[in-house]
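Report on the following structure.
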Amino acid sequence: NAGVTQTPKFQVLKTGQSMTLQCAQDMNHEYMSWYRQDPGMGLRLIHYSVGAGITDQGEVPNGYNVSRSTTEDFPLRLLSAAPSQTSVYFCASSYSGLAGRPSYEQYFGPGTRLTVT
Amino acid sequence: LAKTTQPISMDSYEGQEVNITCSHNNIATNDYITWYQQFPSQGPRFIIQGYKTKVTNEVASLFIPADRKSSTLSLPRVSLSDTAVYYCLVGGKLIFGQGTELSVKP
């Protein structure tokens, strides 16, 4: 299994540009999520999905869109990039646990380092 | 959501036991406690999870008192490679706080 893969590894955007960060997992996990991590900070949850066709907002959803058309893929779209979105983005996946909550053992991808100038 | 509080940083020496305590006063009845480890430029990695009393695996032990308002991650005989940030998470939405930066010195 490849686990959780993310592309690209690095990206530089100009303010106002849009792009999609890709995330895929081959473990048949129901739950997937996106986090951002700013320098010296912990991870902050952007959006998450409990299954194909179902998404919800996390702590910091503004400026980002997600969709989940398949179990395997969970892309994150930046609609109009801003310098405040410069960060490292991590995608994670896990099985669903009790009552539809994610299992607490999440598997993280290697991250995408995004710079917006 | 239960908020967690951990020390910002800790220093240790190789071979010592390290205990990192996390405070979570508002933990809900159904919430589990989970610890992750993160090395620089990598995504976090699951270490251990527990609900009450004590849990042990090949990497660490997790101690949870009866009131569950805190928990302690114990790393036995740390090495330089244990230098990382350790996060305590409580509840289902897996909200990460700032974590504890552990520095292990020779």
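Work out the P(r) tail for the protein assembly as shown: percent of alpha carbon pairs separated by more than 26 Å, whole number.
37
What percentages make up the Cα-Cα pair-distance distribution of chain A when the bins are 5 Å wide from 0?
Final binned percentages: 2, 13, 23, 26, 19, 10, 5, 1, 0.
Under 11 Å from a label point 7 Å along Cα→Cβ of B:K105: give me every residue in the range B:5-22 with its amide N that close.
B:11-14, by backbone N distance to the label point.
Per-residue Cβ counts within 10 Å, from other chains only, averaged over B:75-82: what number is that?
Counting Cβ atoms of other protein chains within 10 Å of each residue's Cβ and averaging gives 0.
Which of the listed residues, A:G40, A:A52, A:T5, is farthest toward the dipole's positive end in the range A:1-64, when Lys, Arg count +1 and Asp, Glu count -1 at the beta-carbon?
A:G40
Under unit Cβ charges (Lys, Arg +1; Asp, Glu -1), what dipole magnitude, rounded to 20 debye, does the range B:1-97 have relative to its Cα centre?
The dipole magnitude comes to about 380 debye.
Counting partner chain Cβ atoms within 10 Å of every residue's Cβ in B:34-46, what's the average?
5
Which value, in Å³ per residue, describes the convex hull spanned by the Cα atoms of the range A:11-54?
126
Please work out the ratio of the alpha-carbon Rg of chain B to 2.2 N^0.38 Å and round it to two decimals.
With N residues counted in chain B, Rg over 2.2 N^0.38 Å equals 1.00.
Every number in this text was worked out from the coordinates using simple rules, so none of it is lab data. Predicted, not measured: the structure shown is a model, and the values here were computed from it. Neighbour counts run over all protein chains shown; Cβ positions are idealised from the backbone, glycine included.
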